[in-house]
Amino acid sequence: MSAKEQLSLDEFVIAQKKKAATETIATTVAGPEMQLPREAALKAKTVAQEARKALRRTKRERLKGESFFVNVCLDRRTKRRLKLASFNSETSMQSIMEVAIVKYLDEIGA
């Protein structure tokens with residue numbers, strides 16, 4: 001492009017903002033047809049809120065367990081077996097370790 005050529009603002013396509021686009025759709029369509037999308041949007045919002053609450057609860061529970069954290073050094077083979085066992089049984093490695101520790105302590109009478 002040479003120095004003589006200049007671009008004007010009219011040559012660029014400018015997209016509308018999302019909020020403005022939804023407002024124009026809402027104003028053009030009226031009546032009972034709009035009830036279904038509103039209900040669906042409300043339901044989606046409720047589901048999203050419930051998901052956030054469940055995630056928050058899960059994080060809180062995990063943090064509760066971390067307050068009694070025990071650092072255990074495992075060799076690669078044992079760690080791999082533990083990881084595979086937790087995957088196959090669909091539980092966490094932490095729960096398997098807890099059960100194993102409790103069983104060991106019960107056996108030695110501690």
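The values are calculated or read from the model by the stated rules, or taken from the named source; none is laboratory data. Computed from a prediction, not measured in an experiment: that's the story for all the values here. Ligands, DNA and RNA are excluded from the accessible area calculation, which covers all protein heavy atoms including side chains. Shrake-Rupley method; radii C 1.70, N 1.55, O 1.52, S 1.80 Å.
Tabulated data for the structure shown
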quantity: Surface share of carbon and sulfur [accessible, 1.4 angstrom probe, percent] for the range 37-110; calculated: 59 percent
quantity: Phi-based couplings in Hz for the range 37-46 (Karplus 6.51, -1.76, 1.60; Gly and Pro marked x); calculated: x, 5, 5, 5, 5, 5, 5, 5, 5, 5
quantity: Residues with amide H under 5 Å from that of Leu74, placed H, sequence gap 5 or more; calculated: none
quantity: 31 Å Cα-Cα threshold exceeded, pairs from Lys53/Lys103; Lys45/Lys83; Lys59/Lys79; calculated: Lys53/Lys103; Lys45/Lys83
